[in-house]
1. If you filter segment 156-210 for trypsin sites (Lys or Arg not before Pro), then keep DSSP loop positions with at most 13 other Cβ within 10 Å, what is left?
2. Treat each spin label as a single point 7 Å out from the Cα along the C-beta direction, and report the Arg128 to Ala158 distance in nm.
3. For Glu34 and Arg70, what does the FRET efficiency come to when R0 = 35 Å and r is the distance between their Cβ atoms, rounded to the nearest 0.05?
4. If you average the sequence gap of Cα pairs under 8 Å that are 6 or more apart and divide by the length of the chain, what percent do you get for the contact order?
5. What is the sum of charges, Lys and Arg at +1 and Asp and Glu at -1, for the other residues whose Cβ falls under 15 Å from the Cβ of Arg192?
6. Can you tell me how segment 179-244 classifies by the Cα gyration tensor, rounded, prolate or oblate, using a/c under 1.5 as the rounded cut?
7. What does the extension gain come out to for Arg142 and Ala104, with contour length at 0.36 nm per residue minus their alpha carbon separation?
8. So which GluC sites (Glu not before Pro) in segment 110-213 are both in a DSSP loop and have at most 16 other Cβ atoms within 10 Å of their Cβ?
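A short reminder: the numbers here are calculations on the coordinates, not readings from a lab. The structure displayed is predicted, hence computed values, not measured ones. When we count neighbours, we look across all protein chains shown, and the Cβ atoms used for this are built from the backbone with ideal geometry, even at glycine.
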Amino acid sequence: MPSTFLTAEWRKLIMAQYVVAPSTLVPWLPRGLELDLYRVGETARCYVSLVGFLFDRVRVKGLAIPFHTRFEEVNLRFYVARTERDGTRKRGVVFISEFVPRAAITLLANSLYEEPYATLPMRHSIVRTPGTLSVSYAWRHRGIWQSLAVEASSTTQAIAPGSEEGFITEHYWGYTKRTRGPTSEYGVLHPRWSVYPIQSFAIAADFAALYGPAFASLNQTAPASVLLAEGSAVSVLAGTRLPD
């Protein structure tokens, strides 16, 4: 097994799912992978997810980097699968873009791993009141604040196997499309998460400005689903290159 590159806690993950045409994602699909569709009966949905969460207690190779142990992240991702030669099926994600407020994180991810990070001013809020949990993430892009927010019941519930929540949260591999050479693969280890039942949500995001014209239609599209996961401690394994 590859060594552990990073440990952290991912907490209070807001995940908003949008249906897109599979052809939309072809330019971002790394070599050797296929899209992983969420199937309900005869219906297959191709999802992208707008995700905001809190990165906490970050350690890189076991070391805490001053001022870089707790920060927000907002990303747009989609779901993929890869079948090994022995028939093992690995389910993972590919990131279209990842926003963080720390320039050093962006520099490290872009230069060493070609992960699509960008640095933006960001903020978050997590507020508990009797019976309710309110969570929001905001980021400033081209001078305009955008946001992802939910109100939920303050009591978690288990994710049922085979549910949409399970599909969204249980992809345990990350894949990166490299400009030269084969696709990179890395494992992400964490236990099954719990979720907070959503009461309401509000999304103010300019998908066209953030992610390009391929996603402009999402500006006028309601998400197919929104969930709030508690998250957990995670371990991100060192990446490897896939064979051609």
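1. Working: sites: Lys177, Arg178, Arg180, Arg192; in loops: Lys177, Arg178, Arg180, Arg192.
Sites meeting the loop and neighbour criteria: Arg180, Arg192.
2. 2.2 nm
3. Values: r = 36 Å, r/R0 = 1.03.
Efficiency computed from Cβ-Cβ geometry: 0.45.
4. Values: 576 pairs, mean separation 58.6, N = 244.
Result for the chain is 24 percent.
5. So the surrounding residues net to -3.
6. Details: a/c = 3.51, a/b = 1.24, b/c = 2.84.
Oblate is the answer for segment 179-244, as a/c is 1.5 or above yet b/c matches or exceeds a/b.
7. Working: separation 38, 0.36 × 38 = 13.68 nm, distance 2.03 nm.
Full extension of this stretch gives 11.7 nm more.
8. On the way: sites: Glu114, Glu151, Glu164, Glu165, Glu170, Glu185; in loops: Glu114, Glu170.
Counting only loop positions with at most 16 other Cβ atoms within 10 Å, the GluC sites (Glu not before Pro) in segment 110-213 are Glu114, Glu170.
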